[in-house]
Structures are given as C-alpha cells and as structure tokens.
Amino acid sequence: METISTVAGLRACVRKWKQAGARVGVVPTMGALHEGHLSLVHAARAQAERVIATVFVNPIQFDNADDLETYPRTLEADARLLENAGVDVLYAPTVSQMYPPGFATSISVSGVSGVSEGLCGGTRAGHFDGVATVVCKLLMQTLTDYAFFGEKDFQQVQVVRRMVTDLDLPVEIVACPTQREADGLALSSRNRRLAPQQRQIAVALPRIMRASAADIAAGADVPVALAQAASQLVDAGFDPVEYVELRSELDLQPLAVMSEGTPVRLLAAAWLGDVRLIDGMAVSMPE
Ligand code: AMP
C-alpha cells in the first residue's frame, strides 16, 4: 500500500489506474479505524479493482473544539489495518493541504429544507456544510467511480447523495450496513472514549431503539413510542438525549405515522458524559 498526501500524486495514480481500465473506489474516513470502516473497504474491494482509503480529521465539520481535540488519531495503526484489508492507496492529507491559507469556498447544505434539516443538522451548527465541503473536495481530488459510506451515519449519506446529484458529480455513492459489536452497539471511533461503566450503558441505545422500532412496526402510535424511547434512554443514563425520530429514508421527512411502502428509519443521538453516540435502524412493517 502506498501512502500519498498530495493531490498531484493522487491524481497521477488514479489516472494510471483508469488508463489500465480499472474501476476505482474511495472510502472516506476520519481514522481511528474499526471493523465498521473495514466493512466499507471490503465492499469497495468487491466492486472496484482499485481502492483508496482517506484518513482526514476534518476540522470544519466539528462544532465543538474539545470534540475535535479529543478525536482519536491513530494513523500508524490505521495504515496497518488498511494495508491488511487490501487498500491500494492511503490518502492522508494535512489540514493545511486541505485548507491552505486563503481557503474561502464552502458548500452550503444548511438553511434549506431537506435532508440536512434537523437530526444532527439541527444540533450541530454547520456540521453538514463541513461534511459536504470535505466530501466534495475528496471526490474531486480522487475522481473515483464509487464512494462508500456507512448507513451508521444515515443523514450524512443522504446529504452526500443530495450534493452529488445537485452538483452532477461523476461518482456513484454506495451505502453499506452498520456493523455492530456482539451486544448490538454500533461500532464507532468514539466508543473508545467510553469509560467501562458508560460502555455498559451504551448498549441500551440499540436495545431501546430496536424495541421501539418493533413497537412502531406493530402499529404503536409513533409520537408516543418515540417519547417513550427517549425517556427510557434518559432512565438508562443518557444525558441529554438529542433526538429520537422516525424519518422517511429517501428525503428524511419526519413521520408521525407509518405509511405502507415508504422505507423508514428510526434515528437517535444521545450523550454519555462527553461522548455523543448516534444510531439508526430500518423499521419494517410486517409483510
Ligand atoms: P468516520 O471515520 O466516523 O467519519 O466514518 C467514516 C465512514 O465509516 C462513514 O461513512 C461512516 O458512516 C462509516 N462507519 C462508521 N462506523 C460504521 C459502522 N459501525 N458500520 C458501518 N460503517 C461505519
């Protein structure tokens, strides 16, 4: 595996691959890699002959300086994992390469009704503008055929899809299912910041969400079920619970009732101490 940190080096490499007829996939990450990230690499390897993984902790998508500072950075270990998973190129630019002095242009996906409204966009000011800007840059830098994202960050995937459609970017976005620990907790780089006791509480997030999704699928009143899930999360020790919402998958419109034939997702974010956890799961009506 080659590690590249410049756009020129990256472009030369991708050009060579494309001239040889290879399809190329990219897996954007912020590092501190785990099996969830590696599942995206596996999906990329199954669909493309060449795979780039990017590791870049994007400062402009953080609304909280502490969160940015304490975000785990483990580049050497990440590089080993990516190499073992069969990645061809690790692209790891520095902050000053991505945002050199004078950098002034950003993609705005907020303030417009649609996929970036509410949920994580409601509580994290400017977050999705920062995500859209860095993903747009990464897609234009790598010029790949496919880009792989996790459904763990469901709203992020929909924001990226919207941007790719709106800006006619020549890339196919592939969404991959959430990978979980044996007890159901979604894998996340932030999990390693949980104290042992918080880790025990954390599993209540998928457990309560799964039960709520089952109730809703069985016909429970949606606002009542959502309020009940939120209060169960508080009782379990989450503080605060940012949101528990039912949204249509396609356009992320909030739903107060289930409607047959519309794919829907239960989405939640809640805090344990200074660690913010999110999760999401499909709600399927019985056949
Ligand atoms: P991050 O490094 O947290 O920005 O995540 C990079 C990519 O990995 C994003 O597309 C995430 O949605 C995806 N990802 C993170 N955790 C998981 C997981 N548990 N399962 C699948 N994909 C994940």
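Conditions (1) acidic (Asp, Glu); (2) assigned by TED's automatic domain parsing to the domain that holds Val159; (3) within 21 Å of Arg180 (Cα to Cα), marked per residue:
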residue: Glu35; (1), (2), (3): yes, yes, yes
residue: Leu40; (1), (2), (3): no, yes, yes
residue: Ala44; (1), (2), (3): no, yes, yes
residue: Ala79; (1), (2), (3): no, yes, no
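Which one is nearest to Ala147 (Cα to Cα) among residues in the range 66-93 that are touching an Asp or Glu at 6+ places or on another chain (Cβ under 9 Å) and of a type in the set (D, E, K, R)?
Applying the filter and picking the extreme gives Asp88.
When you scan the range 38-58, how many residues do you find that are in contact (Cβ under 8 Å) with a residue 60 or more places away in the chain and more than 27 Å from Gly21 (Cβ to Cβ)?
Residues flagged as in contact (Cβ under 8 Å) with a residue 60 or more places away in the chain and more than 27 Å from Gly21 (Cβ to Cβ) within the range 38-58 amount to 2.
List the helices (runs of 4 or more DSSP H) inside the range 55-167, counting only whole elements, that have at least 1 residues being buried (at least 18 other Cβ atoms within 10 Å of the Cβ), away from the ligand (no atom under 16 Å from the Cβ) and at pLDDT 95 or above.
Numbers: elements: 65-70, 75-84, 95-98, 119-123, 127-142, 154-166.
Where helices (runs of 4 or more DSSP H) fall fully within the range 55-167 and carry at least 1 residues being buried (at least 18 other Cβ atoms within 10 Å of the Cβ), away from the ligand (no atom under 16 Å from the Cβ) and at pLDDT 95 or above, they are 127-142.
Please specify each residue of the range 171-220 satisfying the condition of being more than 20 Å from Ala236 (Cα to Cα), surrounded by fewer than 18 Cβ atoms within 10 Å (Cβ to Cβ) and more than 16 Å from the ligand (Cβ to nearest atom).
Ala217, Ala218, Gly219, Ala220
Tally up the residues in the range 133-165 that are more than 12 Å from the chain's Cα centre (by Cα), more than 17 Å from Leu252 (Cα to Cα) and of a type outside the set (Val, Ile, Thr), please.
Residues flagged as more than 12 Å from the chain's Cα centre (by Cα), more than 17 Å from Leu252 (Cα to Cα) and of a type outside the set (Val, Ile, Thr) within the range 133-165 amount to 10.
Within the range 22-54, how many residues turn out to be within 8 Å of the ligand (Cβ to nearest atom), of a type outside the set (A, V, I, L, M) and buried (at least 19 other Cβ atoms within 10 Å of the Cβ)? Walk me through it before giving the result.
Kept after step one, since they are within 8 Å of the ligand (Cβ to nearest atom), are these residues of the range 22-54: 27-37, 39-40.
Pick out the ones that are also of a type outside the set (A, V, I, L, M) and you get 28-29, 31, 34-37, 39.
Next, only the ones that are buried (at least 19 other Cβ atoms within 10 Å of the Cβ) stay: 28-29, 31, 36-37, 39.
Matching residues across the range 22-54 total 6.
Take Arg210 and decide whether it is at pLDDT below 95 and in a helix (DSSP H, G or I). Write out each step before concluding.
Details: at pLDDT below 95: no; in a helix (DSSP H, G or I): yes.
Against the criterion (at pLDDT below 95 and in a helix (DSSP H, G or I)), Arg210 does not qualify.
Would you say Leu226 is at pLDDT 95 or above, within 18 Å of the chain's Cα centre (by Cα) and in a helix (DSSP H, G or I)? Walk me through it before giving the result.
Working: at pLDDT 95 or above: yes; within 18 Å of the chain's Cα centre (by Cα): no; in a helix (DSSP H, G or I): yes.
It is false that Leu226 is at pLDDT 95 or above, within 18 Å of the chain's Cα centre (by Cα) and in a helix (DSSP H, G or I).
The values are calculated or read from the model by the stated rules, or taken from the named source; none is laboratory data. The structure displayed is predicted, hence computed values, not measured ones. Positions of Cβ are backbone-derived with ideal geometry, glycine not excepted, and every protein chain shown enters the neighbour counts.
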